[in-house]
1. If you average the C-alpha positions of the stretch 263-286 and of the stretch 96-142 separately, how far apart do those two centres end up, in angstrom?
2. Gain in length, F91 to D44, computed as 0.36 nm per residue apart minus the alpha-carbon separation, to one decimal in nm?
3. So what's the angle, to the nearest 10 degrees on a 0 to 90 scale, between helix 163-176 and the longest Cα principal axis of the chain?
4. Just round it to a whole percent: the fraction of Cα-Cα distances in the stretch 21-142 exceeding 26 Å.
5. As an exercise, find the ratio Rg/Rh for the stretch 227-286 from alpha-carbon atoms, using the Kirkwood inverse-distance average for Rh.
6. The stretch 15-70 to the stretch 190-239: how many Å between their Cα centroids?
7. Modelling each spin label as a point 7 Å along the Cα-to-Cβ direction, I'd like the D162/D266 distance in nm, to one decimal.
8. Which angle from 0 to 90°, rounded to the nearest 10, does the C-alpha axis of helix 239-253 make with the longest principal axis of the chain?
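Derivation of every value follows stated rules applied to the coordinates shown; laboratory data play no part. Bear in mind that the values here come from a model prediction, so they are computed numbers and not experimental data. Every residue, glycine among them, receives a Cβ derived from its backbone with ideal geometry; neighbour counts consider all protein chains shown.
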Amino acid sequence: MSIDHVFVAGAGLMGHGIAQVHAAIGKRVTLYEPDLARATAGRDRIAGNLDRAVSKGRLSPSDRDAILARLTPVDDPGAAADADLVVEAVFEDEAVKTALWAALDALAPAHAVFASNTSSISIDRLAAATSEARRTRFVGMHFFSPVPVMPLVELIRGAATDDATEAAVRELAAELGKQVIVSADRPGFIVNRILMPFLAEAMHAYEEGTGTAEDIDTGARVGLNHPMGPLELADFIGLDVCLGVMRVLHEGLGGPQFEPPTVLVDLVAAGHLGQKTGRGFHSYPR
């Protein structure tokens, strides 16, 4: 199927990146938030990203202007009425996501593919918020942050997802220059099932006083040749997001390796969510 109009629900860290990469390959993109100011702020973040690319000589001013011209911020979900692809990139909360999917199911055309950017929640549980006919075109399409840079997409089929939908997502991922891996519909899928126990173990080492946050992260960067230390990475992802994913994993799979560490729970309760709030395991100038 041809995908020309992409409706992205959510203009935050993931949503604005997803909107940017689709506009960059020539798609018409609608960026939706229920608050227009937030949708506009997402477009402004994209403009900032593109301006930096122009200043580094990686993008021409005319190409930047063309990409921005294909992006429209809206606060009306009815703008999904002629979408070929609807991508949901809202907060990792099942109730929030299912309420949005139920609303969009009534607004989007019958042919539209529905793709959730969820990083941990069951595709079947999300698809259950839509009509039975829609579920054949419902799929997980999990991007990684920052979306314009990270070359991976996790594709997760639900029980009803048909072959045509998988083929459409694979074709689109190829247009985007992304590599696809396929995960079964299991809590956390592939990447987060591997990653979250690693982050949790680093948090346990920190809360037990095994090392400072700086030394733990340096150990991973230098000793394991990781580009970013685990505590720094958790701060980058968002400690609230990490906590939500760990809870889904622990609920769905059990096992102490998936249980959220006390220090993570306490930081989130205190509102210290990482880079986006200026403080997490590390502090960030604002």
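1. Between the Cα centre of the stretch 263-286 and that of the stretch 96-142, the gap is 31 Å.
2. Taking F91 through D44 to full extension adds about 14.9 nm, to one decimal.
3. 70 degrees
4. Cα-Cα pairs in the stretch 21-142 separated by more than 26 Å: 26 percent.
5. Details: Rg = 11.7 Å, Rh = 11.7 Å.
Computed over Cα atoms, the ratio is 1.00.
6. Centre-to-centre (Cα) distance: 31 Å.
7. 5.4 nm
8. Once rounded, one gets 90 degrees.
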